Amino acid sequence: MKFKMSDKSVFALLLRSPWWISMALVVAIAAAAKVLLPESYVAVGVTGGFPFLVIGIIAAWKQIKAPNPERMNQTLQAAGVMNWRDFSSALERGYQGQGFVVTRLPSGPADLRLEKSGRTTLVSGKRWKAGSHGVQALRELAALREAQDASFCSYVSLGALTSQAEKFAKDNAVALVNGTALAQLISPG
């Protein structure tokens, strides 16, 4: 059984908030324990802030490791003006940086074939600049994955997918590479 924290819990809210809010709660709990509890129970009261300390440390770690939003936007804007040769080279470098062996495919629904640990991933990215992405391209990619017995497939896009395309991707295990994930993949450094 997997444990999943509710998105509405206090701890989930604090994980999405700036780290210093959790730390302020730790200080507030410690101060309240010092003021409100008898001297013999202060240590017990202060330990009530421990979960908030842990959440604050986790939130700080995530926020330090989080990509710079301004830099991610600049990377995505740069991708929007690239030609296919430059964009496919950026994708190739990004996937190679993740340890994949990358093979360019000459034609068809997939543009790159990635191999790692005996698993194959097909990547479609040639339509990355399209204003809207529908189900058809995803359907063709999923069919190619089945035909080639590939383990995974990914669809790369700068623009939004239609709601039907998003549903199709979710229902048919087509990974969507867009937004921050795309910016991190093609970021030069």
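Of all DSSP bridge pairs formed entirely within segment 51-167, close to 60 percent run antiparallel.
Peptides 58-64, 107-113, ordered by how many other C-beta atoms sit within 10 Å of their residues on average, highest first, read 107-113, 58-64. For the chain, the longest principal axis of the alpha carbon atoms and the long axis of helix 135-147 meet at an angle near 80°.
Take 99-105, 178-184 and order them by the average number of nearby Cβ atoms within 10 Å per residue, most first; the result is 178-184, 99-105.
Backbone amide hydrogens, once placed in the peptide plane, bring Leu105 within less than 5 Å of Leu112, Arg113, excluding anything fewer than 5 places away on its chain. Protection proxy ranking of 117-130, 41-54, by the mean of other Cβ atoms within 10 Å over each peptide's residues and highest first, is 117-130, 41-54. Mean residue ellipticity at 222 nm, helices only, the chain: -16500 deg cm²/dmol; runs of at least 4 DSSP H residues each add -39,500 (n - 2.57), and the sum is divided by the number of residues.
Taking the chain as a Gaussian network of alpha-carbon nodes connected by springs under 10 Å, the highest mean-square fluctuation of the residues Met72, Met82, Met23 belongs to Met23.
All of the numbers you see were taken from the coordinates with simple rules; none came from a lab. Fair warning: this is a prediction, and the values are worked out from it, not measured in the lab. Counting neighbours? That spans all protein chains shown, and the Cβs are built from the backbone with ideal geometry, glycine included.
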